[in-house]
Every structure is written in C-alpha cells, then in structure tokens.
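See below for the structure under consideration.
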Amino acid sequence: MKYCYLLSRSSKELLCISPFTDPLKVLDWQEDEALNVYSAATLTQNQRDVLHTTLYKEIDRGVDRWVQDTRYLPRLFLGGVVFLLTYFIFSLAVRDPIPMIDELFIAAAATLIAVNVMSRRDRKSSLALKQRLTLKNRVGEAVYDLDDDLKCLENHLYELSQVDPIDLAESIAKGEITFPCSLKEGNLEEFSRQYLIWVKYNRKQYLPLLQTLEKLDHDSSRQNSFSAKLLKLSMNGNLDLPMFALAHVLSK
C-alpha cells in the first residue's frame, strides 16, 4: 500500500505529501499496491486536480531519473566516442596557432550536445512512455479516505499561523513547540516519515536551519539570534514558520 497525505491550509496551496517525492522510489510501486489518499475533509474537484498534477510531475521526474540511471553507461560510452572523433577530426583538419586548446573546447561542446540529445531521446522512448502511462493510470484508481489525525494537525497548524511571528520564532528557537496530535503513532507515523522526505526535496532551505536549531543547547543569546533570523526569513517569504516548526518536531 502506498499512502498520500493532503494538508489544506487557509490562504495556502494544498500540500501533497506523497510517496513519490523521492524520485528513486517511484519505480518501487508494485502492481498489486493500491494508492490510499488521506485528507481531513472531502476533496473538491479542484483539490483533486492539484493532487493529480503533483503526482504526475513526481512520476515524470521519477521515470526520467530511472531512464537516466538505466542508460548511463551507453551515454557515457557514446559521449566518449563523440569526444574522441571530434577531437581527432579537428586536430587533423584545422590548423591553429594554439594546438589542442580549440580542439578540446569543440570536442567538449560536441559531447555535451550529443549527451543532451541522447538524454532527451531516452526520456521520450517507448519504454519510458509506457512506465509513465502505467503509473499515472494507477493514480486515477486511488482510494480516498478521511482522517481525523490530519484534521487535528491542520487545526494546530492554523493555530500556529495565528500566533504573533515574533513569539512563534522565539518558541521554535527555545524548543517549546509541541503538537497535540500523535505524529509518530498510527496513521501519522507514515506521514511524518514522508513529510521529512518532502522537506529534503522541496524545502532544502530548512535543512541547515534544523541543524543549527539542534545545536543551540539552551544558549539564550544564540536562541535570540536564531529567532531573529527565522523572523527575517519569514517576513521575506522564505520560511513558513508553522511548517518549519512541524519539521523541527518531527526531526527530533
């Protein structure tokens, strides 16, 4: 069974925490595995469209990665052949005052072009097309369920969004944020694992901040400085404080 979780937040885009965020895991989807989509409330047609668009993009990215990995050695070999042929042809046919330099640049450019052409061709191959269509068709067969734990999580994220940003940034820096939901038990246990993967791929700016947060060690001066940094990032639109707080709690 594959699990997908949808978080709906007021004035925010629908957040899709899917099992396909990691492109290396897309092709792990077995034929007999169903896709179960959990949400706090019944989805509107627009929300379903957002879900399908997100999953389709992740499937495309995963299939592209799979094709690139599968065809790596042939591309490497053919790229080497193109480089050598181009280098020797221009070495023999073109005379220039600086031997080797021009030939190396031309050969390198020809190799990059050839590799890019081969990559595009591989992504459009019949095998890649079949994989895309097979996986996308199965998204249409997903089972939808309501989950009270997700509702609890959405409500708490909303409550955090209503807290003064200064107070929220200070609470995060001091490690005082808690969630009333059982994030590491029951249905939300898998959500928690997938959310941290989602952060890794979609909110990379969180990662160094989370590492810094772990090293504050109740130092009030450093906590104050870090909370100021969080506040500035939040005001600039580069950090969602409630979602960062969730990542912090889950990464402990």
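Filtering Val26, Val67, Val63, Val82 for residues that are at pLDDT below 80, buried (at least 17 other Cβ atoms within 10 Å of the Cβ) and within 20 Å of the chain's Cα centre (by Cα) leaves a single hit, Val67. When the criteria are applied in full, Glu214 fails the requirement of being modelled with pLDDT under 90 and within 19 Å of Ser39 (Cα to Cα). Inspection of segment 173-185 finds no residue satisfying the criterion of being assigned to a helix (DSSP H, G or I), under 30 Å from Met1 (Cβ atoms) and of a type in the set (D, E, K, R).
The values are calculated or read from the model by the stated rules, or taken from the named source; none is laboratory data. Owing to the predicted nature of the structure, the values given are computational and were not obtained by experimental measurement. Note that we place each Cβ from the backbone using ideal geometry, even for glycine, and neighbour counts take in every protein chain shown.
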